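Notes follow the structure.
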Amino acid sequence: MSSPDEAPLEQRIATFIQLNYALEPEVVTRANALLNEARALGQPALVGQMLLERASAMFENGSRQQALESAREAQRYIAANHLDALRAQAQDRLAMYCYDMAEYLRALDAWLKCLEYASEQNDTYWCARAYIGVGKVYDALNDYSTARYFHGVALQLAEKQGNRRQVCQIQINLASVAYKLHDYDRALEALNSASECMEQLDMETDIWQAEVVSYYGLVYFERGEYQQAEHYLNQAHQIYRSHGNRWGETQVLLNLGRTYRKLGRTEEALEYLLNADRLAQLANLSPLMLQTEELLSQTYLETGRYREALIHHKRLHEVLARLNRSQGSPVRLSKTTANRLKELEHQLDLERIRIRCGIGIARA
């Protein structure tokens, strides 16, 4: 029997693609080794594929800028070598990384090219992927009605080809958009459809499961059913933590903090918010830090712990300043958040005076 290293390169690449890149040690090194071997053998199709897989390995291991550069290299190589079968995939991969780095217009351009190439090849799968991507861009731009339209087109294509996994992904996206449109019945309907798909596909521990139960929690939170929200958000937390997904874990801890505040369990709320804040700082998740610092400041203020409230209020403004510097323009807060901040700052101005005069009342 031959060893795995003696198997044909195509077979070893196929095996490599099945790996969970986020959980595999030295995965980028292994990707580079397969890429170099494909180049040495003069196999352009395999080189193009491994350039894309190397980009994925980099992305899953946190090297987002390197992943983007590798995806651009793959796109150029695939175009130069007329690898038509990989053109749509390369544009989709490039779009995903641009989207992740909030370069939404570049992501939209790449997904539209993906749609163009997929249409030329009559490839329904990549057409659906492109429509999903376009929907995600409009979602990110807060145009939820347009996002819902494009996700709906993607759903028709996915159902036509009987791709249950793609249907599942689209239903999660539709649930997200419906939630943001405050259409909670439609959100629950989409979540139920996604759950049904996952049962059929045996995806109980998939990261999508965390998204589904997280959105169940968010919908129940908005409907004022806080114990149900707590149940689902705790499930999501366990899955995100087991996958090492920092963004997901931080976001669900933040939402658990909100839920415990509504349940009147203030100390538990503070514990979860502090954990969310710590993770957001470790992973440099500034958008989530805005929310954790705001909620911590509010919660400490409500309990009369003014010094802690001032500390987190100061950090909130530090995060805002950092985001403004990195983006080159002021961060636009929602009207609700801006009003809450104005009210909070007024209260804290009064408490600063109390603290300076030595009459601040610190309650546990």
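The values are calculated or read from the model by the stated rules, or taken from the named source; none is laboratory data. Keep in mind that this is a model prediction, so the values were computed, not measured. Ideal geometry is used to build each Cβ from the backbone, glycine not excepted, and the neighbour counts take in all protein chains shown. Quick note on the areas: whole protein, heavy atoms, side chains included, nothing else; ligands and nucleic acids left out. Shrake-Rupley method; radii C 1.70, N 1.55, O 1.52, S 1.80 Å.
Just wondering, is there one or more residues in the range 40-51 that are part of a helix (DSSP H, G or I) and closer than 26 Å to Ala140 by Cβ?
Step one: of the range 40-51, the residues part of a helix (DSSP H, G or I) are 40, 44-51.
With the extra rule that they be closer than 26 Å to Ala140 by Cβ, the set shrinks to none.
No, the conditions are met nowhere in the range 40-51.
State yes or no: is Lys136 open to solvent by less than 70 Å² (accessible area, probe 1.4 Å) and either modelled with pLDDT of 95 or more or out of contact with any Cys (no Cβ under 9 Å at 6 or more places or on another chain) (or both)? So Lys136 passes the test. Among residues of the range 131-151 that are farther than 16 Å from Glu103 by Cα, those with a beta-carbon under 8 Å from a residue that is surrounded by fewer than 19 Cβ atoms within 10 Å (Cβ to Cβ) at least six positions away or on a different chain give the pairs Tyr131/Val153; Tyr144/Lys180; Tyr144/Leu181; Ser145/Leu181; Arg148/Leu181.
All conditions in (1) over 30 Å from Ala309 (Cβ atoms); (2) over 18 Å from the mean Cα position of the chain (by Cα) hold for Trp208, with the sole exception of (2). Determine the pairs where a residue that is farther than 21 Å from Arg265 by Cβ and open to solvent by 30 Å² or more (accessible area, probe 1.4 Å), located within the range 302-322, has a partner that is at pLDDT 90 or above and not acidic (Asp, Glu) with Cβ atoms under 8 Å apart, the partner being 6 or more residues away or on another chain. Cβ pairs passing all conditions: Tyr306/Tyr300; Leu310/Ser297; Arg315/Met289.
How about the range 97-114: which of its residues are aromatic (Phe, Trp, Tyr) and either under 19 Å from Glu73 (Cα atoms) or open to solvent by 80 Å² or more (accessible area, probe 1.4 Å) (or both)?
First, pick out the residues of the range 97-114 that are aromatic (Phe, Trp, Tyr): 97, 99, 104, 111.
Residues satisfying the conditions are Tyr97, Tyr99, Trp111.
Tallying residues that are of a type outside the set (D, E, K, R) and open to solvent by less than 40 Å² (accessible area, probe 1.4 Å) within the range 235-255 yields 10.
When each of Tyr21, Tyr77 is tested for being hydroxyl-bearing (Ser, Thr, Tyr), over 30 Å from Arg246 (Cβ atoms) and surrounded by 14 or more Cβ atoms within 10 Å (Cβ to Cβ), the lone residue that passes is Tyr77. Checked against the criterion of being of a type in the set (D, E, K, R), modelled with pLDDT of 65 or more, open to solvent by less than 90 Å² (accessible area, probe 1.4 Å) and not in a helix (DSSP H, G or I), the range 276-299 has no qualifying residue. Taken over the range 153-168, the criterion of being open to solvent by less than 40 Å² (accessible area, probe 1.4 Å) and closer than 19 Å to Val213 by Cβ is satisfied by Val167, Cys168. Among residues of the range 220-231 that are closer than 16 Å to Ala210 by Cβ and of a type in the set (Gly, Ala, Ser), those with a beta-carbon under 6 Å from a residue that is assigned to a helix (DSSP H, G or I) and open to solvent by less than 60 Å² (accessible area, probe 1.4 Å) at least six positions away or on a different chain give the pairs Ala229/Gly217; Ala229/Tyr220; Ala229/Phe221; Ala229/Thr259.
The set of residues from the range 258-275 being open to solvent by 60 Å² or more (accessible area, probe 1.4 Å) and in a helix (DSSP H, G or I) comprises Arg258, Arg261, Lys262, Glu267, Glu268, Glu271, Leu274.
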